[in-house]
Amino acid sequence: MSFITMGVLLLSTFINYILLSNNNTFRINEKVNTLVLGDSHTKYALNDSILSNTFNLSQNADSYFYSYLKLKQVDKKNEQLDTVLLSFSQHNIHKCIENRWLLNKKHLKSRLQKYMPLLSVDDYRFILNNRPSMAISGLFSQIVYPAYLLMGGNKYGGYEGLKHDLLKEEIDKQKKNGYRQEYKSFNDSPIETIYLQKIVQYCKTNDLTLILINPPLYKTLHNKQHGLYNYYEMNFSNTIFLDFSKLEMEDSYFGDLVHLTPSGAKYFSELIKNEKLLNIENARTRNILYK
């Protein structure tokens, strides 16, 4: 790499950092005190126009690595933030997620275009150690970052209504082929564990209440979560865990085995709001607080 190229990349990195620092991408309404982070489970389940005190910044296939990066940015720009809801389902901490999501080269390439300015030195070193070629190409791909900001809208996630209805198809597929890998056998992910621990520690250090949340699952998966529960008890039992996965819901509320339809998200979000289920005592009464 020539000195000129290196200079251009360093300049681009510096400019993007300044743009991020002065941009309102991670600034939220001052009346909102609860941040929702995670993957598609929370993205399609928690409607923040119904849960008016929340800001949903979940994104499809989000590793805890990205949730950690977003948490730091939102907390930095919003003094009123006091609570974080984080997706916590069996697939989130399963070993198969490492190569399916976080370290998948195609996935990593698209993410680094907009996440490079969010990386600390340690975060970048993590990418460099695990995917050195992607870490270097990420320095080049970040050149398009200013375009993301100019395009408007939030490119880091947000609530969205699910646009497919595949429940019957997935039920048939499950009967024919068996359960998906993460529900068939369980091996925890060392990488996801590290970044979940970072999130836990960050929340403790910055006086944020962290609540792990397991959104509703279709009934055929209810009894396939032993790996999740054992993992929680062994590693994060001091963190609040609200388990909504076995909530009784109509089939029409599911777009597939693990995601809610817009009507399902409406029902679920209104239930949380009306019964104040983010309140620990209320959650305990409804047997949602994991014991």
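Overview of values
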item: Helical contribution to [θ] at 222 nm, DSSP H n ≥ 4, -39,500 (n - 2.57), averaged over the chain, rounded to 500; result: -14000 deg cm²/dmol
item: Nearby aspartates and glutamates by direct alpha-carbon distance to Lys291 (threshold 14 angstrom, same-chain neighbours under 8 apart not counted); result: Glu233, Asp243, Glu281
item: Using a Förster distance of 30 Å, the FRET efficiency for Asn24-Asp122 (Cβ separation, nearest 0.05); result: 0.70
item: Accessible area of the stretch 137-215 divided out per residue, in Å², using a probe of 1.4 angstrom; result: 56
item: Across Lys72/Lys224; Lys155/Lys198; Lys114/Lys266; Lys204/Lys224; Lys175/Lys273, pairs whose alpha-carbon gap is larger than 25 Å; result: Lys72/Lys224; Lys114/Lys266; Lys204/Lys224; Lys175/Lys273
item: Virtual paramagnetic centre 7 Å along Cα→Cβ of Lys173, amide N under 17 Å, in the stretch 227-260; result: 254-260
item: Nitroxide proxy distance, nm - points 7 Å out along Cα→Cβ at Glu79 and Thr209; result: 2.1
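The values are calculated or read from the model by the stated rules, or taken from the named source; none is laboratory data. Since the model is a prediction, treat every value here as computed from it, not as a measurement. When we count neighbours, we look across all protein chains shown, and the Cβ atoms used for this are built from the backbone with ideal geometry, even at glycine. Just so you know, the surface numbers come from the protein's heavy atoms only, side chains and all, with ligands and any DNA or RNA stripped out. Shrake-Rupley method; radii C 1.70, N 1.55, O 1.52, S 1.80 Å.
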